[in-house]
1. How far apart, in nm, are the 7 Å Cα→Cβ label points at residue 276 and residue 162?
2. Given springs between every Cα pair under 10 Å in a Gaussian network model of the chain, which of 97, 39, 208 has the largest fluctuation?
3. Please work out how much length the chain gains when fully extended from residue 10 to residue 34, using 0.36 nm per residue of separation minus the C-alpha to C-alpha distance, in nm with one decimal.
4. Among the aspartates and glutamates, select those whose C-alpha is under 13 Å from the C-alpha of residue 87, and discard any that sit fewer than 8 residues away in the same chain.
5. About its Cα centre, what dipole magnitude does the stretch 11-172 give when the only charges are +1 on Lys and Arg Cβ and -1 on Asp and Glu Cβ, stated in debye to the nearest 20?
6. Determine, from the Cβ-Cβ distance of residue 138 and residue 237 and an R0 of 56 Å, the FRET efficiency 1/(1 + (r/R0)^6), rounded to the nearest 0.05.
7. May I ask you to compute the full-extension gain from residue 65 to residue 286, defined as 0.36 nm times their residue separation minus their alpha-carbon distance, rounded to one decimal in nm?
8. Under 5 Å between amide H atoms, partner at least 5 residues away or on a different chain: which partners does residue 237 have, H built in plane at 1.01 Å?
Amino acid sequence: MTSTAELPIEGALPELGGATAWLNSEPLTPAGLRGKVVVVQFCTFSCINWLRTLPYVKAWAQKYRDDGLVVIGAHSPEFPFEHDLEKIRPALEGMGVDHPIAVDNDFAVWRAFDNAYWPALYFADAEGRIRHHHFGEEDYERSERVIQQLLAEAGSHDVDEDLVSTQADGVYLAADWNTLRSPETYVGYARATGFASPGGLEPDRSRVYVEPSHLELNHWALTGDWTAGTQITTLNEPGGRIVHRFHGRDLNLVLGTRADGGPTRFRVLIDGQPPNRAPGLDLDERGTGTVSEERLYQLIRQPGPIIERTFEITFLDTGTRAYVFTFG
């Protein structure tokens, strides 16, 4: 086994009984998991930071399953639609997630771990003791070496010491950290930053917004008739737009359908032109797309050069709901 620093004991693996449902498994308990090395990851299915870790977590679950590893996802929802089991289940199935998922709609598991992050990893040994944790993305080699060390401590002597190999693409591709200059940007008023339309966001009422004459980097604006809620900003009339001045390879936007579940159409421009060589997965070559379900939409992936650009999305149908911009 590759030499690894001694891992401290950080506490006992908390109970998982607060989960409101389980996917891919019967309910699991620390007592029932004794003898297994356990990795618990906090997630929510529209979170780009979690999505980019998923190729590694899935690969660990598959590679080390027969060596005694159990990977558990704790799905603690950020947005209202992520509470819906009939949306969680197909979303995770579509991502190929087959390890156990504790649906943590009441945040009971989150509180039991005293967690504060999506994503977050907690590593427990075969005696049910937390021995390591990691918050956020990256640090994949260290995390896998911890898994290998805990499996060896548990008596697995033939663990393959090679690291998993992943072929991430689409939304799962790691961010280009060297060129990323734009932070996560919430569209609901509770956590909104950088909003530049004159008069600011007006909470919980319909208002016609206009775009400022100039946008600074990491500022954004609305045009048209919108209602800004705490987490969700909803378009009241067709033709409303969101503009954002950003710096990054990728631009993603979590979007939702109309309240009745119906689709809405949109058109994207970058610096006033169709994306051409820079469309994301959810655009066609003309920069048009459809919001067909509540999830993260990848709208821009630039081949380079990565410079400041102005993103513009126009919604052709009323009722579209916008949640948060993320970048990569």
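Values in this text are rule-based calculations from the coordinates and carry no lab data. Only a predicted model underlies this, so the values are computations on that prediction, with no experimental measurement involved. Cβ: placed from backbone, ideal geometry, glycine included. Neighbour counts: every protein chain shown.
1. 4.3
2. It is 208.
3. Result for the pair: 7.0 nm of gain on full extension.
4. 293, 294
5. 220
6. E between residue 138 and residue 237, to the nearest 0.05, is 0.85.
7. 75.1 nm
8. Hits under the 5 Å cutoff: 225, 319.
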